[in-house]
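First up is the structure itself, then whatever we jot down about it.
The values are calculated or read from the model by the stated rules, or taken from the named source; none is laboratory data. Since this is a predicted model, take the numbers as computed values, not measurements. Heads up, the Cβs are rebuilt from the backbone with ideal geometry, glycines too, and the neighbour counts pull from every protein chain shown. Heads up: the accessible areas ignore ligands, DNA and RNA and are worked out on the full protein's heavy atoms, side chains in. Shrake-Rupley method; radii C 1.70, N 1.55, O 1.52, S 1.80 Å.
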Amino acid sequence: MEHVVVERQDRGVHRHDPNAYLAVLPDLRESLPAGARAFACDPGHYDFQAPRCVKDLKLAALPPALPAASAGFELRLLCCRGEQEHGLTLRYTGVSEVDVTTDDGGPLDLGDVNSLRLDEILPHPAGCTHELRFTTATIRVTCADLVADWDPDPAPGAD
């Protein structure tokens, strides 16, 4: 990632710092497509205490095939709070590239230990790039735009 910092400090311990990205986001926002801009600029996006923070979400699955150029692509991320499952669906349009890279070169582990650390959305001539850094992997999507749909917030006290 260009601005967001995710550094592994020890096994299972990471340093997370979105502040450099948040500092440049006001200058980038007008260069981002509408959906990407709305998602990146959501006040809860990097607020680690907010219900709509991306940190610690788990990737539910990858589609069975990566998209052809200009196709759509979807990622589903989940957060379990007690008995309630709360999630985020990311729908990408005009996808020109999807790159999945694991730290060890093996297949992407969808297990509980591989959660989303943080993400970063940047302008791109095709629209934008969305880089999602997980504990042991990175997914980078180049697309025309994206739409982020959060499930309704879990009921207070439902944990």
Original post:
For T136, all conditions in the list (1) open to solvent by 10 Å² or more (accessible area, probe 1.4 Å); (2) touching a residue at least 40 places away in the same chain (Cβ under 8 Å) hold save one; what is the number of the exception?
Top reply: (2)
Original post:
How about the stretch 101-115: which of its residues are touching a Ser or Thr at 6+ places or on another chain (Cβ under 8 Å) and in contact (Cβ under 8 Å) with a residue 40 or more places away in the chain?
Top reply: L108, V113, N114, S115
Original post:
Got a number for residues in the stretch 104-122 being open to solvent by less than 70 Å² (accessible area, probe 1.4 Å) and under 15 Å from the mean Cα position of the chain (by Cα)?
Top reply: 9
Original post:
within 28 Å of N19 (Cβ to Cβ), modelled with pLDDT of 80 or more and not β-branched (V, I, T), is that true of A50?
Top reply: yes
Original post:
Which pairs have Cβ atoms under 6 Å, sit 6 or more apart or on different chains, and link a residue in the stretch 44-55 that is under 14 Å from L132 (Cβ atoms) and touching a residue at least 40 places away in the same chain (Cβ under 8 Å) to one that is of a type outside the set (S, T, N, Q) and surrounded by fewer than 13 Cβ atoms within 10 Å (Cβ to Cβ)?
Top reply: K55/F48
**OP:** Give me a count of the residues in the stretch 75-86 that are more than 17 Å from R133 (Cβ to Cβ), under 17 Å from the mean Cα position of the chain (by Cα) and modelled with pLDDT under 90.
**Re:** 2
